[in-house]
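Just below is one structure, and these are the notes that go with it.
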Amino acid sequence: MTTGRDVLELSPVLPVVVLDRAEDAVPVAESLLAGGIRAIELTLRTPVALEAIARVAAEVPGIVVGAGTVTRPEHARQAADAGASFLVTPGATDSVLDGAFATGLPFLPGAATVSEAMRLAERGLDTLKFFPAEASGGAPALSAIAGPLPDLRFCPTGGITPASAPRYLALPNVGCVGGTWLTPKDALAARDYARIEALAKEASTLER
C-alpha cells in the first residue's frame, strides 16, 4: 500500500477505534477481519494507542492498521515506529503535514471546507478525510465539492451511521467512510467480539 487511494479501497467502512486496553487490540482486529473488514484506524486518543498499533501490526497481518487522531508531527513518527501502515489527521497544519510526509506513509489529512481541500491539493494530496462529516454538511456538502474539485476523493468521518453511510458511499468522490459504530463502547467494555464481528459483516457488504 503506497497511497491514500489504496487505503480507501480496502473496505467500504474504515473502523475508527478508541481502545482503553492494549490487550483488546488483537481480538478486536481479528473480529473485524473475520467480518470482512481489511483495515483499522486506531486513534491516538488513549495512552495505550501506540502499543495497540504495535500489537496489531505484529499479530494480525491480514488487517492494515493505521493511526488516527494524528495532531502533532511527533505523533506521525511515533505511529510509524509502532508499525502503522497509514496515518489519519483530523485537520492539517503545516507542521502536521510535514511530519506525516516525513514518515513516507500514506495519509489522509482532514479537511472540512473547499479552501482546506484546495490547500491540501496544492501540496500534492488528492485523498482526504472529510471531517467532521455530518457537522460540515454531510453527503450534500461532499456532492457539491465534487463539482469544482473532481480529482479529489474522500473518506468522510464524524457522525456517520449505518443508515447514513450508503448516502456517502453513493457519491463518486467517496471511497469509504470512517465509522465508530463497528466497535461500540459497550461492546469493547464487555469484550463482546462476536458483536463486533457481526457489525463488521454488515459493514463489509455496503455497496460503493
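Values in this text are rule-based calculations from the coordinates and carry no lab data. Quick caveat, the model's predicted, so the values are computed rather than measured. Here the Cβ positions follow ideal geometry from the backbone for every residue, glycine too, while neighbour counts run over all protein chains shown.
Note on the chain: with a GNM built from Cα contacts shorter than 10 Å, the maximum mean-square fluctuation among D81, D192, D151 falls on D151.
One Cα centroid belongs to region 91-135, the other to region 147-163; the line between them spans 13 Å.
Looking only at region 27-182, where both bridge partners belong to it, what percent of the DSSP beta bridges are antiparallel (to the nearest 5)?
0
From the C-alpha gyration tensor of region 153-205, pull out the three semi-axes of the equivalent ellipsoid (sqrt of 5λ each), sorted largest to smallest, in whole Å.
Whole-Å semi-axes of the equivalent ellipsoid: 24, 11, 8.
Rounded to the nearest 20, the size of the Cβ-charge dipole of the chain about its Cα centre is 240 debye, with Lys and Arg at +1 and Asp and Glu at -1. Build a GNM of the chain with springs between Cα atoms under 10 Å apart, and of A190, A92, A39 the one that fluctuates most is A190. Near the amide H of K129, within less than 5 Å, lie the amide hydrogens of G110, A111, C155, all on another chain or at least 5 residues away, with H placed in the peptide plane.
Based on Cα atoms of region 22-145, Rg over Rh with Rh as the Kirkwood radius reads 1.00. Here the Gaussian network model covers the chain, with springs between Cα atoms less than 10 Å apart; of T127, T157, T93, T93 fluctuates the most. Here the Karplus relation 6.51 cos²θ - 1.76 cosθ + 1.60, evaluated at θ = phi - 60°, turns the backbone of region 105-118 into coupling constants of 7, x, 8, 10, x, x, 9, 10, 10, 4, 5, 5, 5, 5 Hz, with x for every Gly and Pro.
Across the alpha-carbon atoms of the chain, the computed radius of gyration and Dmax are 15.7, 46 angstrom.
Sparse packing (at most 16 other Cβ atoms within 10 Å of the Cβ) combined with a DSSP loop state is found for the following trypsin sites (Lys or Arg not before Pro) in region 73-145: R123. For D6, neighbours were defined as the other residues whose beta-carbon sits under 13 Å from its Cβ, and their charges (Lys and Arg +1, Asp and Glu -1) total +1. Take the Cβ atoms of A170 and R77, set R0 to 41 Å, and the FRET efficiency comes out at 0.65.
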